[in-house]
Amino acid sequence: MKRWLPQRMQGYQRDDFYRDLIASIVMTVLLVPQNLAYAMLAGLPPQVGLYAAMLPVLVYAFLGTSSTLSVGPVAVASLMTATSLAGLALPGSAHYTELAMVLALLTGGFLLLFGALRLGFLAHFLSRPVLSGFVSGSAIVIAVSQLKHLLGVETTGPNVLAQLYNLAFALPQSKVVTVLVSALCILVLWLGKNTLAQGLCRMGVNPRHADLMARLTPIAVIAGATLWASQGPWAAQHGVALVGQVPQGLPGWTQPWQSLSQVSDLWLSAMLIALVGFIQSVSVAQTMALRRHEKINPNRELTALGAANVASAFTGGYPVAGGLARTSISSAAGAQTRMAGALSVGVMAVIVLTLTPLFMKLPVAALSAIIVMAIGSMLDWRTFANAWRYDRADALALAFTFVGVLALGAQQGIVVGVTVSLGVLVWRSSRPHMAVLGRVPGTEHFRNVDRHSVQTLPGLLALRVDESLFFANVAALEERLMAEATSPQRPTVILLNCSAVNRIDSTALEALTELEATLAQQGVQLWLSEVKGPVTDRLNPTPLGQRLQQRVFLSTHHAFAAFEAGQHSH
């Protein structure tokens with residue numbers, strides 16, 4: 001077997017194989033309900049969720065760099081798929097499924113392109129508050145979208161508020177038996193999630209085994225609900241919706257380009273799914289890697305996830321990504337390496353070849369209950385509370401993203417969040433912090449006069465600007481310097497400490513050139529100190545650099561010494 005493994009897995013041992021094999025069986029069984037449920041969330045036939053958990057998993061196992069990340073159908077990608085395809089085709093139809101495959105192909109294409117361009121830094125493109133707001137908003141959207149299945153009614157709406165409004169009018173038509181089935185499933189899932197593991201531990205069961213047994217609750221729910229629906233005509237008589245016929249057999253090789261004519265309707269959604277899926281996957285992978293003292297390669301992850309999505313497109317699947325819930329299950333099952341994922345494909349193949357007829361009598365309400373309970377962990381109020389205490393601007397970005405997802409949809413909501421984040425960044429940069437500096441007595445150190453007891457020199461104003469200078473903030477610097485130059489304590493020299501200036505753009509350079517000339521006309525000289533090498537290299541050939549040639553100092557201490565000595569040179 002070692003001959004077929006990637007080079008980085010050449011140390012694979014027999015014990016690792018046995019552990020991965022057991023883990024693959026456990027994790028596949030545990031993830032079957034989730035795969036079915038997320039396919040339904042995406043508006044796709046349930047078997048599509050099983051197909052998306054086969055070849056994509058195998059491809060990632062051989063190309064990825066995370067030893068624990070589990071790739072497959074996830075809640076956010078499923079929601080974004082449903083949002084992307086809304087209005088383009090009837091959910092569950094053949095054309096809808098074809099469009100989902102095109103979406104997976106485009107998503108994989110974008111990820112492969114990002115990987116080829118080595119854009120792994122995109123993993124840090126979304127701030128933690130924006131990502132938290134997006135995921136939390138998506139959790140609410142997902143939960144609301146499942147209420148109609150839990151109640152057995154038909155409602156639609158362009159956003160959460162519209163869906164809730166329509167649902168209020170549809171409540172009288174709720175099917176009592178469907179509601180009872182939903183409530184019982186949610187109760188069992190809640191007990192399994194919150195009390196079963198603790199109860200088993202009190203009975204002396206190993207905590208790890210107890211946790212795995214608690215994770216089997218969704219299987220018990222599906223088995224129990226299916227068994228009940230199979231015992232006579234109860235379900236049909238009371239209008240309980242069932243999954244229906246699930247095709248038996250392995251996925252065939254599909255041709256997603258048959259619907260490529262609608263690429264113009266899907267490319268932007270695909271790019272957003274690629275971006276969000278990658279960021280979510282890498283966040284989970286990095287978290288798990290830190291626990292295991294491992295490293296991941298974001299650029300390789302782009303390629304692996306891209307190839308996995310392309311594989312999903314050609315085998316009847318839809319966009320996939322790495323998920324925290326999937327990965328946690330894999331880790332809890334004892335997976336040692338990505339080989340557990342590869343082996344799980346074989347287990348899934350056995351399931352789709354032999355067990356899919358059992359899903360025909362599965363109540364849709366049971367799958368909705370599984371979705372609703374699974375997305376509980378997506379709600380992240382702690383990040384908002386922490387951001388509100390530490391940085392109100394970050395909390396504002398989170399809130400705007402959250403509301404944007406609820407009011408406008410997943411894709412538009414994340415665009416709102418990114419826009420607000422960039423707006424906050426520009427707003428902050430346009431108001432740079434500036435500090436008047438003085439010398440700490442007996443040293444060559446300089447600190448803010450408002451925070452420390454320092455010495456200043458009459459006639460010399462040392463000002464530190466804590467930001468690179470560019471078009472958005474140079475006006476604020478001009479205003480401050482001109483105010484100082486025209487004040488009653490007008491200095492003869494204004495020393496600009498540039499220790500925090502990493503770049504001066506062309507707009508700022510032009511403004512500084514004009515400012516230097518204006519100050520000179522008023523009898524005030526502009527000096528610079530602690531200018532960084534790259535900034536100096538670009539500044540020296542310019543007219544401003546030539547004029548300041550003898551007035552740029554290695555340190556603020558040298559500038560003070562030159563002023564005290566009456567010298568205008570280093």
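The values are calculated or read from the model by the stated rules, or taken from the named source; none is laboratory data. Keep in mind that what you see is a predicted model, and the values were worked out from it rather than measured. Don't worry about glycine lacking a Cβ; one is built from the backbone with ideal geometry, like all the others, and counts go over all protein chains shown. Accessible surface is based on the protein model in full, side chains and every heavy atom, while ligands, DNA and RNA are left aside. Shrake-Rupley method; radii C 1.70, N 1.55, O 1.52, S 1.80 Å.
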When Y165 is evaluated against the numbered criteria (1) over 28 Å from the mean Cα position of the chain (by Cα); (2) closer than 26 Å to A235 by Cβ, which criterion, by number, is the only one it fails?
(2)
Give just the number: which of (1) of a type in the set (V, I, T); (2) open to solvent by 10 Å² or more (accessible area, probe 1.4 Å); (3) touching a strand residue (DSSP E or B) at 6+ places or on another chain (Cβ under 8 Å) does T97 not satisfy?
(3)
Among the candidates L272, L290, which residue alone is touching a residue at least 12 places away in the same chain (Cβ under 8 Å) and either open to solvent by 10 Å² or more (accessible area, probe 1.4 Å) or in contact with a Phe, Trp or Tyr (Cβ under 6 Å, 6 or more places away or on another chain) (or both)?
L272
Residues in region 457-500 that are touching a Gly at 6+ places or on another chain (Cβ under 6 Å) and surrounded by fewer than 15 Cβ atoms within 10 Å (Cβ to Cβ): how many?
1
Any residue at all in region 336-347 that's at pLDDT below 85 and basic (K, R)?
yes
When you check L526 against the structure, is it farther than 20 Å from H558 by Cβ and free of Cβ contacts under 8 Å to residues at least 60 places away in the same chain, yes or no?
no
Hits in region 308-336 (condition: surrounded by fewer than 23 Cβ atoms within 10 Å (Cβ to Cβ) and aromatic (F, W, Y)):
F314
Of (1) under 22 Å from E564 (Cα atoms); (2) in a helix (DSSP H, G or I); (3) touching a helix residue (DSSP H, G or I) at 6+ places or on another chain (Cβ under 9 Å), S499 satisfies all except one. Which?
(2)
Whether any residue in region 519-534 is of a type in the set (A, V, I, L, M, F, W, C) and more than 22 Å from G566 (Cα to Cα) is what I want to check.
no
For V535, are the conditions met, namely being open to solvent by less than 30 Å² (accessible area, probe 1.4 Å) and assigned to a loop (DSSP other than H, G, I, E, B)?
no
Please indicate, with yes or no, whether at least one residue in region 273-281 is under 19 Å from Y38 (Cα atoms), among the aromatic types (F, W, Y) and out of contact with any Ser or Thr (no Cβ under 6 Å at 6 or more places or on another chain).
yes
Suppose the filter is in contact with a helix residue (DSSP H, G or I) (Cβ under 8 Å, 6 or more places away or on another chain), closer than 23 Å to A39 by Cβ and surrounded by fewer than 16 Cβ atoms within 10 Å (Cβ to Cβ); does G152 pass it?
no
The helices (runs of 4 or more DSSP H) lying entirely within region 163-278 that contain at least 1 residues which are touching a Cys at 6+ places or on another chain (Cβ under 6 Å) are 207-215, 217-230
When the residues of region 320-336 are narrowed to those that are of a type in the set (V, I, T) and part of a helix (DSSP H, G or I), which ends up nearest to L184 (Cα to Cα)?
I329
With respect to A325, is the statement that it is in contact with a strand residue (DSSP E or B) (Cβ under 9 Å, 6 or more places away or on another chain) and small (G, A, S) true?
no
Any residue in region 134-159 that's in a helix (DSSP H, G or I): show its pairings with residues that are of a type in the set (S, T, Y) and modelled with pLDDT of 90 or more at Cβ separation under 7 Å, as long as the two are six or more apart or on different chains.
F134/T401; G137/T401; Q146/S368; H149/S368; L150/S182; L150/S368; L151/S174; L151/T178
Given A229, A220, A241, which one is open to solvent by less than 10 Å² (accessible area, probe 1.4 Å) and among the hydrophobic types (A, V, I, L, M, F, W, C)?
A229
Across region 337-391, which residue is surrounded by the most Cβ atoms within 10 Å (Cβ to Cβ) among those that are of a type in the set (D, E, K, R) and not in a loop (DSSP other than H, G, I, E, B)?
K361
Which pairs have Cβ atoms under 7 Å, sit 6 or more apart or on different chains, and link a residue in region 401-422 that is touching a residue at least 40 places away in the same chain (Cβ under 8 Å) and within 12 Å of T83 (Cβ to Cβ) to one that is open to solvent by less than 30 Å² (accessible area, probe 1.4 Å) and aromatic (F, W, Y)?
V405/F134; G413/F134; I414/F134
Can you tell me which residue among A37, A52 is within 18 Å of V320 (Cα to Cα), in contact with a strand residue (DSSP E or B) (Cβ under 7 Å, 6 or more places away or on another chain) and modelled with pLDDT of 90 or more?
A52
Going by the conditions given, is T107 at pLDDT 95 or above, within 24 Å of M378 (Cβ to Cβ) and out of contact with any strand residue (DSSP E or B) (no Cβ under 8 Å at 6 or more places or on another chain)?
yes
Pairs returned, first residue in region 489-505 that is touching a residue at least 24 places away in the same chain (Cβ under 8 Å) and closer than 18 Å to H558 by Cβ, second residue that is assigned to a strand (DSSP E or B) and hydroxyl-bearing (S, T, Y), beta-carbon separation under 9 angstrom, 6 or more apart or interchain, are L495/S529; L496/S529; N497/S529; C498/S529; S499/S529
Spot the failing condition for S66; the list is (1) over 21 Å from A139 (Cβ atoms); (2) assigned to a helix (DSSP H, G or I), and only one is missed.
(2)
Please enumerate the residues belonging to region 494-515 that are among the small types (G, A, S), touching a strand residue (DSSP E or B) at 6+ places or on another chain (Cβ under 9 Å) and over 15 Å from S429 (Cα atoms).
S499, A511
Note: among L422, L406, L398, just one is out of contact with any helix residue (DSSP H, G or I) (no Cβ under 8 Å at 6 or more places or on another chain) and either hydroxyl-bearing (S, T, Y) or assigned to a helix (DSSP H, G or I) (or both), namely L422
Only one of (1) charged (D, E, K, R); (2) open to solvent by 80 Å² or more (accessible area, probe 1.4 Å); (3) within 34 Å of the chain's Cα centre (by Cα) is not met by R202, so which one is it?
(3)
